[in-house]
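One structure is given below, encoded as structure tokens.
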Amino acid sequence: MTHSRTASATDLSALIQALPKAELHLHLEGSFEPELMFRLAQRNNITLSYDSVEALKAAYQFNNLQEFLDLYYQGMNVLQTRQDYYDLTRAYLDKVHSQNVRHVEIFWDPQGHLERGIDFATQIGGILQALKEARSQNGISYRLIMSFLRHLSEESAFETLELAKPYLDEIYGVGLDSSEMGHPPEKFERVFEACRELGLKITAHAGEEGPADYVWQALDLLQVDRVDHGNRSLEDDALIERLRDSQMVLTVCPLSNLKLQVVKDLGNHPIPTMLKAGLKATINSDDPAYFGGYMNENLIQLQQAVGLSADDIITLTRNSIEGSWAEEARKKELLAELDRVVAEFN
Ligand code: ADE
Ligand code: ZN
């Protein structure tokens, strides 16, 4: 598609806002804004290690994934009651509703809560209540994804899967997150096989900090339906070909990559290279409360840094809808709406 005029940055920001969007890579616990964290800490009589919202925000400077994860696990300790899980989920959904995100696929880390004594029912009960309310009130469709913490054992993942079994009609897929280096996908081959046999969709973080070999393992051993991040796939030509030929979806997170120093400068972000290579890349926020932006800020800041065109933005948005795990009828509806917005923009 060609455009009759060159779009200004203002036009492109308006386009980004107007497009119906899907978010495929969002950690619920990473949407925990400091203001809400302080409010829930007070409600639960918990003392945080930081005196104020400002002091906490000032600590959000990370040299790598692990430095972020240390604060992320500390932050989630505040979550105690079903109401807390509801409030956290609802706050994220209200925020993205204002950005015209129409479908969300949300990760949460049950093990990060179970190990603090919060039972599975409390967690998932509050999360689902908010998801169902936002679906009926705001028309946001959703899929919930249970993520295993890769720094823990495979046995712990199997135990978590057992706890999830009564809720499998509400859990659409499973993921793999936390400290990547030293915890390759192969460590979890058997538990993901069990998940596949239960009919769950599969995704895994791979190639964020870890090497291209971890992406190969995610594909060949875990048999993923998509790859979270996947940045380092670009170091391996045979892998690029594999990802392109299979049109494997990559859930890429630009502001996360910047804040965790996966890229040193947003101007060097790999998205343009991925698009040129024909990879099915999507844009997502990962942990927006920690990385400085939700869906639209990711798209706008990336656009400005690398000079994405209107066609690039439309392709990325279309990829997210097509690559989502939404029902086919829902995908069609969102794609038709996207086509209407594009026609108006041209
Ligand atoms: N948990 C939350 N965000 C994560 C990320 N970007 N990588 C790995 N684990 C995570
Ligand atoms: Zn992530």
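The values are calculated or read from the model by the stated rules, or taken from the named source; none is laboratory data. Please read all numbers here as calculations on a predicted model, not as lab measurements. A quick note on method: Cβ atoms are made from the backbone with ideal geometry, for glycine too, and the neighbour counts reach across all protein chains shown.
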Number of positions in segment 321-346 that are more than 13 Å from Leu19 (Cβ to Cβ) and assigned to a helix (DSSP H, G or I): 8
Breaking point among (1) in contact with a helix residue (DSSP H, G or I) (Cβ under 7 Å, 6 or more places away or on another chain); (2) away from ligand 2 (no atom under 16 Å from the Cβ), for Pro166: (1)
Qualifying residue in segment 50-59 (condition: in contact (Cβ under 8 Å) with a residue 24 or more places away in the chain and either under 29 Å from His205 (Cβ atoms) or more than 25 Å from the chain's Cα centre (by Cα) (or both)): no
Enumeration of residues in segment 296-314 that are buried (at least 23 other Cβ atoms within 10 Å of the Cβ) and either within 14 Å of ligand 2 (Cβ to nearest atom) or on the phi > 0 side of the Ramachandran plot (or both): Asn298
Tally, over segment 205-232, of residues that are part of a strand (DSSP E or B) and either away from ligand 1 (no atom under 16 Å from the Cβ) or within 21 Å of Glu327 (Cα to Cα) (or both): 3
Contacts under 6 angstrom Cβ, first residue in segment 256-270 being within 16 Å of ligand 2 (Cβ to nearest atom), partner outside any loop (DSSP other than H, G, I, E, B) and modelled with pLDDT under 95, 6 or more apart: none
Residues of segment 98-130 satisfying the condition of being within 13 Å of Ser31 (Cβ to Cβ) and outside any strand (DSSP E or B): Gln99, Asp109, Ile127, Ala130
The listed residue being assigned to a helix (DSSP H, G or I) and either touching a strand residue (DSSP E or B) at 6+ places or on another chain (Cβ under 8 Å) or surrounded by fewer than 18 Cβ atoms within 10 Å (Cβ to Cβ) (or both), out of Ser147, Ser156: Ser156
